[in-house]
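To keep things clear, I will list the structure first and then write my remarks on it.
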Amino acid sequence: MLPRIILRDANGGNFDITQILSFVFKKDIYMPYTTLSAVFKALPFEADNISEILFYADEKCIHHGIADVIDFYSEYGENFCKISSRGFTSLLCLNQIEPGIKTNISFNSLMDSFYTLPYVTHEDNSDTSNYIYVKSGSNMWEGVANLGYKLYGFYPFIRDTNTVRITPVPQPNSFEYPDTMLLKRGKKRDTRRMKSHYHMADFDGVYGVYELSDSYVCDLNIVRHSFFDLDKQFLYSPQDALVYRDRFNCRQSLAHYCIYSGYNFEDLTDLISFGTISNKKISSVKIVGNNNGIFTEIAVYSDYFNRD
């Protein structure tokens, strides 16, 4: 893999960067955008006008995002630049919709009718059988997550650079890594977000009607109670508000992962086999580059949203 960064200014001019000293690229099934951080040698340029950052693996662009942070500096007689960027789908987390109930709304209309977000595309889905309730202060991504869950019981994710999907890709690529190709593989459990009991008030603000306890979490001797008002996002089935919270709080609770040298262009919901994992959907991709080489870590989550 040959990494390359392009810094694009507001006038459309490009600065092509190949002397990259280090970089970290991440995408995750639960993260609404890709991320890139990097340090590289650079000729002096006007950082104030940089508006976009593109990251290429060989000739394929795998990140296209906002120039969140650009730190151009000189040290020991050489010029360096440190950058941090989130994909343009991060704008879904930074834009709000007028609060209230949006009936007969499809995924297409949710993505297309409110704002034009640069470079953001989405899966085609015109199903209008559902509604969303936009809470005060909530953002567009929360609406996408709510609608996607109602339609398919799945959490939305970012495919390619800035494509929002609410279902896995229909024709995923497949990857297989025997132990001889791996530098490391393992299994990790994370219980920090888990809650044992959920309590939601009814229409009159009274608790005791809508209750949920997670037996798996309780068996781990984790005692964490959560109380909240009636969630109008789930008026069609109030109990689902508790189920959704439980699933979301148990995200990434168990991960099988592997690390190998290089990068083979895996993407989220592609299929992977390694160790005891056989043809499971990829949940996370992390690429790290430095003076030791380029290494990719792939993770497969086993949680409520990711069970075949």
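The values are calculated or read from the model by the stated rules, or taken from the named source; none is laboratory data. On a predicted model such as this, the values are computed, not experimentally measured, just so you know. Don't worry about glycine lacking a Cβ; one is built from the backbone with ideal geometry, like all the others, and counts go over all protein chains shown.
Scanning segment 211-226 turns up one or more residues that are on the phi > 0 side of the Ramachandran plot, outside the structural domain of Y152 (by TED's automatic domain parsing) and either touching a residue at least 12 places away in the same chain (Cβ under 8 Å) or in a loop (DSSP other than H, G, I, E, B) (or both). The set of residues from segment 16-35 being crowded, with 17+ Cβ neighbours inside 10 Å, touching a strand residue (DSSP E or B) at 6+ places or on another chain (Cβ under 6 Å) and not acidic (D, E) comprises I17, I20, F23, F25, K26, K27, I29, Y33, T34, T35.
Being touching a Leu at 6+ places or on another chain (Cβ under 8 Å), farther than 27 Å from I298 by Cα and not aliphatic (A, V, I, L, M) is a property that holds for N79.
For the condition of a type outside the set (K, R), assigned by TED's automatic domain parsing to the domain that holds G293 and surrounded by 13 or more Cβ atoms within 10 Å (Cβ to Cβ), what is the one hit in L182, L235, L151? None of the others qualify; the one that does is L182.
Per-residue answers, yes or no, for (1) under 28 Å from D28 (Cβ atoms); (2) out of contact with any helix residue (DSSP H, G or I) (no Cβ under 9 Å at 6 or more places or on another chain):
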position: C61; (1), (2): yes, yes
position: H64; (1), (2): yes, no
position: D68; (1), (2): yes, no
position: E75; (1), (2): no, yes
position: G87; (1), (2): yes, yes
position: L91; (1), (2): yes, no
position: N95; (1), (2): yes, no
position: E98; (1), (2): no, yes
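Taking the options Y244, Y263, name whichever one is out of contact with any Phe, Trp or Tyr (no Cβ under 7 Å at 6 or more places or on another chain), modelled with pLDDT of 95 or more, hydroxyl-bearing (S, T, Y) and crowded, with 18+ Cβ neighbours inside 10 Å. Just one listed residue meets the conditions, Y263. Of the residues A38, A10, the single one that is surrounded by 19 or more Cβ atoms within 10 Å (Cβ to Cβ) and small (G, A, S) is A38.
In segment 106-133, the qualifying residues are those that are of a type in the set (A, V, I, L, M, F, W, C) and modelled with pLDDT under 95, and the one that is farthest from R8 (Cα to Cα) is I132. Could you tell me whether S51 is under 18 Å from the mean Cα position of the chain (by Cα), assigned to a strand (DSSP E or B) and surrounded by fewer than 17 Cβ atoms within 10 Å (Cβ to Cβ)? For S51, the condition - under 18 Å from the mean Cα position of the chain (by Cα), assigned to a strand (DSSP E or B) and surrounded by fewer than 17 Cβ atoms within 10 Å (Cβ to Cβ) - is not met. Residue-level analysis places Y244 among those that are in contact with a helix residue (DSSP H, G or I) (Cβ under 8 Å, 6 or more places away or on another chain), more than 20 Å from F295 (Cα to Cα) and not assigned by TED's automatic domain parsing to the domain that holds K27. Somewhere in segment 267-290, is a residue in a loop (DSSP other than H, G, I, E, B) and of a type in the set (F, W, Y)? Checked against the condition, which is being in a loop (DSSP other than H, G, I, E, B) and of a type in the set (F, W, Y), segment 267-290 yields no hits at all.
As a summary of the residue check, S74 satisfies the conditions (1) hydroxyl-bearing (S, T, Y); (2) over 18 Å from I287 (Cβ atoms); (3) buried (at least 18 other Cβ atoms within 10 Å of the Cβ) except for the one numbered (3).
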